[in-house]
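Notes to accompany the following structure.
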Amino acid sequence: MSAATTRSRTPDRLCAEAVDLARAAAEEVAAPGVVGEHTGMVAEGDRVVTHFFECKEMGYRGWRWAVTVARASRAKIVTLDETVLLPGPDALLAPEWVPWSERLRPGDMGPGDLLPTDAEDLRLEPGFSGEEEPPPNSPVSGEMAELVEAEDVEVTAGVPANLPMAPSRGSIAAVAEELGMRRARVLSRYGLHVAADRWEEAFGSKTPMAQAAPASCVSCGFLVALGGSLGQAFGVCANEFSPADGHVVSLAYGCGGHSEAAVMPKAPQPPPPVVDETKVEPFPLRPSPDSGSVPAVADEAAAELGHS
């Protein structure tokens, strides 16, 4: 260990005795009655000492006023270096800031709240684009075709139900079971209407959430379509941040978690002024003689009356 390091750990005597100077500096910066008792000091270096005072400010529990004093070499006068408010070992600190996208939890959204959806949201994928190409998740998509060609295998035209040759189990009973038609009983028209009224009342177009929504569920990517006649008016919400997550919603319902919701555009800013530095515009220092209401020619009659 060097001699310089040893000296730096030993507080300078004059700087250590300058408690009154440090307190006066702290009281000058802080509000009256905020600076408390002297809690200690630490040597910052040769002839540099920091004094700590208790902070009595509300909301700053465990914080300390740190006043650093110093003394020049071979000088007997201690001068003030800086005064700051620093947290102590047991200080009450604000929690670490977390982005809103990570703080948001299901159920936090209320009527009028808007949840912008990221363009690269992994929960969404491109839908129908109108072009003659298979969707990205299709077995005959471009990515899948390249993978299959690399693996040297044969690509089928779709799921077995869509193949030209029906599977061996493609009997009428198997098809009916696949379509969900082999149940003993199904919903009647009355049962469908009762369910539709119940769902419309809970998550319909007349709810406060739907009235304040930027768009309806019919154009939302988080809507899972229903089969049958109820699919013409209802779907299932699959947005975990929506208050209707996992519920049957009306196609006219909506919330701030719409998949196409975007951040509100900023107010347009006026363009910066354009200064033409290649053109010289004359600016007279005195007004033109003929620019006023009084003629430039002196009127002797008016001069006699005191009019200039």
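The values are calculated or read from the model by the stated rules, or taken from the named source; none is laboratory data. Please read these numbers as outputs of a predicted model, since none were measured by experiment. For neighbour counting, all protein chains shown are included, and Cβ atoms are generated from backbone atoms with ideal geometry for every residue, glycine included. Heads up: the accessible areas ignore ligands, DNA and RNA and are worked out on the full protein's heavy atoms, side chains in. Shrake-Rupley method; radii C 1.70, N 1.55, O 1.52, S 1.80 Å.
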statement: Residues of region 78-101 being in contact with a strand residue (DSSP E or B) (Cβ under 7 Å, 6 or more places away or on another chain) and either open to solvent by less than 80 Å² (accessible area, probe 1.4 Å) or not in a loop (DSSP other than H, G, I, E, B) (or both), in sequence order, are 78, 79, 80, 81, 82, 83, 84, 85, 86, 87, 88, 91
- request: Identify all residues within region 42-77 that are over 17 Å from residue 14 (Cα atoms) and exposed (fewer than 15 other Cβ atoms within 10 Å of the Cβ); write none if there are none.
  value: 58, 59, 61, 62
- prompt: When you scan region 187-224, how many residues do you find that are open to solvent by 100 Å² or more (accessible area, probe 1.4 Å) and farther than 19 Å from residue 113 by Cα?
  reply: 7
message: I need the full set of residues from region 63-80 which are out of contact with any His (no Cβ under 9 Å at 6 or more places or on another chain), at pLDDT 90 or above and not basic (Lys, Arg), in order please.
response: 63, 70, 72, 77, 78, 79, 80
query: Quick check: is even one residue across region 244-264 under 28 Å from the mean Cα position of the chain (by Cα) and surrounded by fewer than 10 Cβ atoms within 10 Å (Cβ to Cβ)?
result: yes
- prompt: Among the residues of region 227-241, which ones are modelled with pLDDT under 90, in a loop (DSSP other than H, G, I, E, B) and either farther than 27 Å from residue 103 by Cβ or open to solvent by less than 10 Å² (accessible area, probe 1.4 Å) (or both)?
  reply: 227, 228
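Of everything in region 64-88, what is basic (Lys, Arg) and more than 36 Å from the chain's Cα centre (by Cα)? Give them in sequence order.
The initial filter retains those residues of region 64-88 that are basic (Lys, Arg), namely 64, 71, 74, 76.
71, 74, 76, listed by residue number.
For region 21-40, enumerate the residues that are part of a strand (DSSP E or B) and buried (at least 20 other Cβ atoms within 10 Å of the Cβ).
Passing the criteria: only 35.
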